Every structure is written in C-alpha cells, then in structure tokens.
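Presented below is the structure to which this report refers.
The values are calculated or read from the model by the stated rules, or taken from the named source; none is laboratory data. A quick note: this is a predicted structure, and the numbers were derived from the prediction, not measured. Because the Cβ atoms are built from the backbone with ideal geometry, glycine has one as well, and the counts that use them run over all protein chains shown.
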C-alpha cells in the first residue's frame, strides 16, 4: 500500500532525513517514534506531498508522490501536529468548508459529514463555534476534517499533543476504531501511545531508521527480555567475566569513582540467581533489581538518550 524507498531531505546544511525506507501494508497501524527533531514530521510531510524528497521515491496505492500528488492527497487524510482550525467558524461550517475543498458533490458531502461527525463523537458540538471547544474536542474536529473525504490512509502527526490523560485515552480509542477500516501512520514521542494503539513501531533517530519491528517482536529484540542491574561498592574487576561464565549471558559494565555497575540481559528473571552469586562470592552489594524490558528502554538504547 505504501512504499517509501531511500528518501532523504535536507534544509540548507541540515540533513533532516537520511536514506529512509519502509513499507506499510493495508490495514496496518504503524507508530513512527523518535525524539523531537528526529525527522518524523519531515518524513510525514514528504509522504503527503508537502515536501519534495531530495532523493528516493514514495508510492501510495501504486501512485508516485511526485507525479500523482493530488490523487494521493485524495486518498490520504493528514492531521498536522498543529491543526489549522478556523476558530470563528461553527464546527458544521468548518467541516463543510473542508469537504467542499475536495470538490465533493452535495450528497457525498452530507454522507461523509455524518460519518466523520459520528466517528469522532461531535454530534453535541456540531453547531458550536470551534473557539468554544476544549483542546481535546478541537483535536476531534481536526480528525473529523481528515476523514471528511473518506480516505483509505490516515497520517496523524502527534494527535495527542498537549492533551490531558483522559483526552489522550479518548483519542486512542478513536484511533483504534478508525483502524478497523483505515491504514494509519501515527507519529509520536509518547511510547505508551504506540504500545496502546499500534501493531508496529518504526523508531527514527537523527534522521535514520534504527528499528522497524512488529510490537509482538519488540521484546524478542532484547532476548525476551529482563534486565538485572547490579551495583557493588568500589571498583571491582572480574565481575563481568564471572557473571558471563555463570549465566552464559552478555554483561555490560560501568565503573564509577566509588562503585561498579553491571547490567545482565536475559530471557528470564535473574534477580534471585544473581543475588545468590553475589552472596556466595562476598561481593559488597549496594543495589540489585530486575526490570522487564519495555519499549521505553529499547527506545533509549536505540536513540542513545537523544533529547
């Protein structure tokens, strides 16, 4: 359905996107993850025809974004991070205005407006000025506008940005509902949002893809995965070798001025076994805990803690 092949984009001397490629099948919900400034929005704007790639190609539904931009935009609903709503218009007038911009006939406009308003639960607010709506309902109006021409693909850039937890949950439920009939690409830096709504995660860091996996495979990337953190008093050498020999797992080590830290990643919970190992070897234990691997930890590892 969507084929992005080796696209790059620079702004003067800044290379925002660097040779990115991915394919998205019909019906997928894909989370585009990355720190602020990683290249997510630039990628989405190239997919929607707002930016022209410096190199590479984008095909959507068999159409080329450079040759068939208007046709692709008819099949795509795009919600930018800061949706441009006309605050002085009524919700009904704004949605009608957007529908007319797609040159739909009147019967189609009425049918599509009914669908968009019902899908986003805007019935009670249909005749209210946009300015009087909460941020959460303004976001619903923006999503309704992306649905007004009944596109097969939705590209949503930070759809829950600035919302409170209740509003975020409502928008996530809405996205899941829309996913029953749409292909959805969702950009965010909120990791829980991807875990709650998406089937697959693409992580971008500094303009490059560093991970592209179904969420069902994410934990397998880290052997399944549990991380056990061991901290000992003082700088003690040889601990990693003992742990690796005992448990047949790779160990990361980090020596600070007054302590030694070790991290063992394994497919099972190793806390009790490592405690017994430390006890039998009389290691000066300061801290020991195990955490289940999460998308957040993987995100931090792959992006190097980039802010």
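Listing for the model above:
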| read-out | value |
| --- | --- |
| Unmet criterion (only one of (1) within 18 Å of residue 151 (Cα to Cα); (2) within 18 Å of the chain's Cα centre (by Cα); (3) part of a strand (DSSP E or B)) for residue 27 | (3) |
| In the range 109-147, the residues that are more than 12 Å from residue 83 (Cα to Cα) and touching a residue at least 60 places away in the same chain (Cβ under 8 Å) | 147 |
| Test: residue in the range 78-87 that is surrounded by 17 or more Cβ atoms within 10 Å (Cβ to Cβ) and not in a loop (DSSP other than H, G, I, E, B) | yes |
| Subset tally (residues that are buried (at least 19 other Cβ atoms within 10 Å of the Cβ) and over 22 Å from residue 182 (Cα atoms)) for the range 118-151 | 2 |
| Selection within the range 281-307 - touching a strand residue (DSSP E or B) at 6+ places or on another chain (Cβ under 7 Å), modelled with pLDDT of 90 or more and in a loop (DSSP other than H, G, I, E, B) | 283, 284 |
| The range 16-49, residues that are touching a strand residue (DSSP E or B) at 6+ places or on another chain (Cβ under 8 Å) and free of Cβ contacts under 8 Å to residues at least 24 places away in the same chain | 23 |
| Residues of the range 149-170 satisfying the condition of being closer than 19 Å to residue 44 by Cβ and in contact with a strand residue (DSSP E or B) (Cβ under 9 Å, 6 or more places away or on another chain) | 149, 151, 152, 153, 154, 155, 156, 157, 158, 159, 160, 161 |
| Residue 37 vs. criteria more than 20 Å from the chain's Cα centre (by Cα) and closer than 28 Å to residue 11 by Cα | no |
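Yes/no per residue for (1) closer than 24 Å to residue 24 by Cα; (2) part of a helix (DSSP H, G or I); (3) within 16 Å of the chain's Cα centre (by Cα):
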| position | (1), (2), (3) |
| --- | --- |
| 118 | no, yes, no |
| 124 | no, yes, no |
| 137 | no, yes, no |
| 145 | yes, yes, no |
| 155 | yes, no, yes |
